[in-house]
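The values are calculated or read from the model by the stated rules, or taken from the named source; none is laboratory data. Given the structure is predicted, the values throughout are model-derived calculations rather than measurements. When the accessible area is computed, the model is the full protein with side chains, heavy atoms only, and any ligands, DNA or RNA have been set aside. Shrake-Rupley method; radii C 1.70, N 1.55, O 1.52, S 1.80 Å.
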Amino acid sequence: MRIRVLGCSGAIAKGSRTTSFLVDDSVLIDAGTGVGDLTLEEMARIDDVFLSHSHLDHIAALPLMLDAVAKWRHSPLRVRALPQTLDALRQHVFNDVIWPDFTRLPHPERPFVTLHPFACGDVVSCGSRQIEVLPADHAVPAVGFAVDGGLGAWVFSGDTCGHADFWARIRQLPVKALVIETAFGEAEHELAVRSRHLSPTSLIEQLRHLGPNPGFPIHITHTKPSETADIASQLRALELHAEHPVGWPLTLHWLTAGDEFQL
Ligand SMILES: [Zn+2]
Ligand SMILES: [Zn+2]
């Protein structure tokens, strides 16, 4: 299983794209602006899109991608998300005002996109891959995902301020890599709390839920381009802090668009 990081920024700028991961050729995890780097052929091969939540930085490229490849596809693109996320798409995106209602076009019986609800704890099979829906705690209903192609799980937290049940499940899974957000720097810790995101200190607090050294790499995602340098140096300082509360030597990896995971 190969996972390409198409976008992992919390905002856009030249060289910074918002959240999207391509699993092999046919599964997309979130559809942020990173999707725009795919060729038409690559976009046309995507059959399933899993959305972590309804925020724009995670769905922005979905309506545009559909339009780009509609003529190339012979079956609808399946969009999978929580019922509340799918309702938000119906109400606020595919509403014939912001974008055509591709859930009914070009024909109600043969639309360009179909919407498929999942619930936390569901495991969805996509070919040889199993994708488990994990709990998250965010400003809108949100989830994370564990993607397993048979050789261990690649885990994505989604946007979250942390959820005890997420960590309980992580401790049970054969995790090979964890991608977790740190959306705000320390100066905006209060804003992070209010918007239900993580800051460097709250990330470290959350990692305590892992218990003893988990032995898998931890990759940081979703930093805003304007704050990335600050967040990186704050996390470095916490890593080096002799008494930081995780209780094991912490080495964090910085996720970059273009990175690939092989599992
Ligand atoms: Zn969000
Ligand atoms: Zn986000």
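Under the definition of Cα pairs under 8 Å and six or more residues apart, what whole-number percent is the relative contact order of region 12-87?
Averaging sequence separation for qualifying contacts and normalising by length gives 29 percent for region 12-87.
Name the lysines eligible as straight-distance cross-link partners of LYS14: C-alpha to C-alpha under 26 Å, and not fewer than 8 places from it in the same chain.
Once the sequence-local lysines are set aside, what remains near LYS14 is LYS224.
Please give the solvent-accessible surface of ARG169 in Å², to the nearest 10, using a probe radius of 1.4 Å with every protein chain present.
70 Å²
Filter the DSSP H helices in the chain by two things, a Kyte-Doolittle mean of at least -1.0 and an axial alpha-carbon span of 27 angstrom or more, and list the hits by number.
None pass (Cα extent of 27 Å or more, hydropathy at least -1.0).
Taking square-rooted eigenvalues a ≥ b ≥ c of the alpha carbon gyration tensor, is region 182-263 rounded, prolate or oblate, where a/c under 1.5 means rounded and, failing that, a/b exceeding b/c means prolate?
oblate
On the accessible surface of the chain, probed at 1.4 Å, how many percent belong to carbon and sulfur atoms?
Roughly 53 percent of what the probe reaches on the chain is carbon or sulfur.
Work out from phi, with θ = phi - 60° and the Karplus expression 6.51 cos²θ - 1.76 cosθ + 1.60, the ³J(HN,Hα) of each residue of region 123-140, listed in order in whole Hz, and give x for Gly and Pro.
Taking θ as phi minus 60°, the curve returns 10, 9, 8, 10, x, 8, 9, 10, 10, 9, 8, 10, x, 9, 10, 9, 5, 10 Hz for region 123-140.
Please figure out what share of the DSSP beta bridges in the chain is antiparallel and state it in percent, rounded to the nearest 5.
50 percent
Over region 1-151, what is the relative contact order in whole percent, taking alpha-carbon pairs under 8 Å and six or more residues apart?
Rounded, it is 16 percent for region 1-151.
Taking amide H positions as placed 1.01 Å from N in the peptide plane, with prolines and chain starts having none, which residues 5 or more places from CYS126, or on another chain, fall under 5 Å of its amide H?
Those lying under 5 Å, H to H, from CYS126 are ILE131.
Which whole-number percentage describes the relative contact order of the chain, with Cα contacts under 8 Å and a sequence gap of 6 or more?
18 percent
Hey, if we sort SER128, SER202, SER20 by accessible area with the 1.4 Å probe, largest down, what's the order?
Per-residue accessible area, sorted high to low, gives SER128, SER202, SER20.
In units of 2.2 N^0.38 Å, what is the alpha-carbon radius of gyration of the chain?
In units of the 2.2 N^0.38 Å rule of thumb, it is 0.99.
Leaving out ligands and nucleic acids, note down the accessible area per residue over the chain with a 1.4 angstrom probe, in whole Å².
I get 44 Å² per residue for this part.
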